[in-house]
Amino acid sequence: MCGPRSPKAPCWARGCRVPGTGLLLLTYLAYLVLGTGVFWALEGPVARNSSRIFQRDKWMLLQNFTCLDGPSLDLLIRGIIQAYKDGTHLLDNTTSMGRWEFVGSFFFSVSTITTIGYGNLSPETMAARLFCIFFALVGIPLNLVVLNRLGHLMQRGVHRCVQRLGGSWQDPAQAQWLAGSAALLSGLLLFLLLPPLLFSRMEGWSYVESFYFSFITLSTVGFGDYVIGMDPSRNYPIWYKNIVSLWILFGMAWLALIIKIILSQLETPGDMCTCSLRCSKGNIKCRSWSGAKKGTTASNHQASCLEPSTQVMRHEEDS
């Protein structure tokens, strides 16, 4: 049996505790809001200025030229293309920044730190590009920590289901398999089967196209061929991209949990001594090693913590 850890043990031996889930989520949200505000402040004025210039040039061209010639038409087409790259949506007599509004900037921040990277939008100013580098350097590890914490909470829920089912089921393996299957099916329903219905209604896609977008997004592939909120002919509610951002966060955590469960089922655990697992650090010693109070030598305890093949070899040597 392993003894208690030394109170003077270093931080890595004691195990530094990660902040609480609530504090971690608040930090995660605050970091996203920080990125949203910076991108909004850096890219917003440029997008608004580009929108005003395009609108002014368009109406000047229509008023001054009753019949457009080739160069004027090419100029208008180039302006439309550049406006689209800048995220400007032209709606009748008004213009909209579209992707670089506050909600669009928040969605861009989410797609950046989750490494989805649709590729439909990128910073145009050098200041925003430099900030994007540092924002991703800190945000990507933070996103991994949050996904790990959410996946751990989901895994604890699965383990509780296994424990409850273990009392009513005679076979614990069957109870574990049933709980894992329930987690898989419920996640498929919440993150892959139901969201395409929302995307089909809001974007006008087919169910297959919406399901394709859901999987490509949660797997962080992010081709960019299907992106939400890109149709200028549709009016999207404010909550739409916020809900999609939460769906991405919890969906990626669920997908990571499923991968972890599959890997745990594929692994073949060996016969390992609990003492060797808990006393792997150099400053943590087993109680039985400090002395032979019960008539057991330290060498015997050390031998019991070795691999089975090593125990057989030592037994043959002792014989």
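Pick from L263, L197, L193, L184: which is open to solvent by 80 Å² or more (accessible area, probe 1.4 Å) and in contact with a helix residue (DSSP H, G or I) (Cβ under 9 Å, 6 or more places away or on another chain)?
Exactly one of L263, L197, L193, L184 is open to solvent by 80 Å² or more (accessible area, probe 1.4 Å) and in contact with a helix residue (DSSP H, G or I) (Cβ under 9 Å, 6 or more places away or on another chain), namely L197.
Output the residue which, of all residues in the stretch 138-157 that are among the hydrophobic types (A, V, I, L, M, F, W, C) and surrounded by 18 or more Cβ atoms within 10 Å (Cβ to Cβ), is modelled with the lowest pLDDT. Break it down into steps so the answer makes sense when it comes.
Restricting attention to the stretch 138-157, the residues satisfying the condition of being among the hydrophobic types (A, V, I, L, M, F, W, C) are 138, 140, 142, 144-147, 150, 153-154.
With the extra rule that they be surrounded by 18 or more Cβ atoms within 10 Å (Cβ to Cβ), the set shrinks to 146-147, 150, 154.
Details: V146: 91, L147: 89, L150: 87, M154: 82.
That would be M154.
Counting just the residues of the stretch 35-51 that are within 14 Å of G104 (Cα to Cα) and aliphatic (A, V, I, L, M), which one comes out surrounded by the most Cβ atoms within 10 Å (Cβ to Cβ)?
Step by step, filter the stretch 35-51, then rank; the result is A47.
Have a look at A136, A128 and point out the one that is in contact (Cβ under 8 Å) with a residue 24 or more places away in the chain, more than 24 Å from F250 (Cβ to Cβ) and not in a loop (DSSP other than H, G, I, E, B).
A128
Looking at (1) among the polar types (S, T, N, Q); (2) buried (at least 17 other Cβ atoms within 10 Å of the Cβ); (3) at pLDDT below 70, which is the one condition that is false for N93?
It is condition (2) that N93 fails.
Would you check which residues across the stretch 73-90 are open to solvent by less than 70 Å² (accessible area, probe 1.4 Å) and either closer than 17 Å to S233 by Cα or modelled with pLDDT of 70 or more (or both) and list them? Give the steps one after another, and end with the answer.
Going through the stretch 73-90, the residues open to solvent by less than 70 Å² (accessible area, probe 1.4 Å) turn out to be 76, 79, 83, 86-90.
Residues satisfying the conditions are L76, G79, A83, G87, T88, H89, L90.
Of these, L153, L246, L184, which one is in a helix (DSSP H, G or I) and free of Cβ contacts under 8 Å to residues at least 24 places away in the same chain?
That would be L246, the only listed residue that is in a helix (DSSP H, G or I) and free of Cβ contacts under 8 Å to residues at least 24 places away in the same chain.
Identify the residue in the stretch 200-223 that is farther than 14 Å from L188 by Cα and modelled with pLDDT under 90 and, among all such residues, is farthest from the chain's Cα centre (by Cα).
F223
Just for the stretch 5-18: of the residues that are in contact with a helix residue (DSSP H, G or I) (Cβ under 9 Å, 6 or more places away or on another chain) and exposed (fewer than 13 other Cβ atoms within 10 Å of the Cβ), which one is modelled with the lowest pLDDT?
Restricting to residues being in contact with a helix residue (DSSP H, G or I) (Cβ under 9 Å, 6 or more places away or on another chain) and exposed (fewer than 13 other Cβ atoms within 10 Å of the Cβ), the top hit is P7.
Which of the residues that make up the stretch 208-236 are open to solvent by less than 30 Å² (accessible area, probe 1.4 Å) and either of a type in the set (D, E, K, R) or in a helix (DSSP H, G or I) (or both)?
S210, F213, S214, I216, T217, L218
Of all residues in the stretch 240-255, count the ones that are at pLDDT below 90 and open to solvent by 50 Å² or more (accessible area, probe 1.4 Å).
Residues flagged as at pLDDT below 90 and open to solvent by 50 Å² or more (accessible area, probe 1.4 Å) within the stretch 240-255 amount to 1.
The values are calculated or read from the model by the stated rules, or taken from the named source; none is laboratory data. Everything numeric in this text was worked out from a predicted model, so none of it was measured. Neighbour counts run over all protein chains shown; Cβ positions are idealised from the backbone, glycine included. Heavy atoms of the whole protein, side chains included, go into the accessibility calculation; ligands, DNA and RNA do not. Shrake-Rupley method; radii C 1.70, N 1.55, O 1.52, S 1.80 Å.
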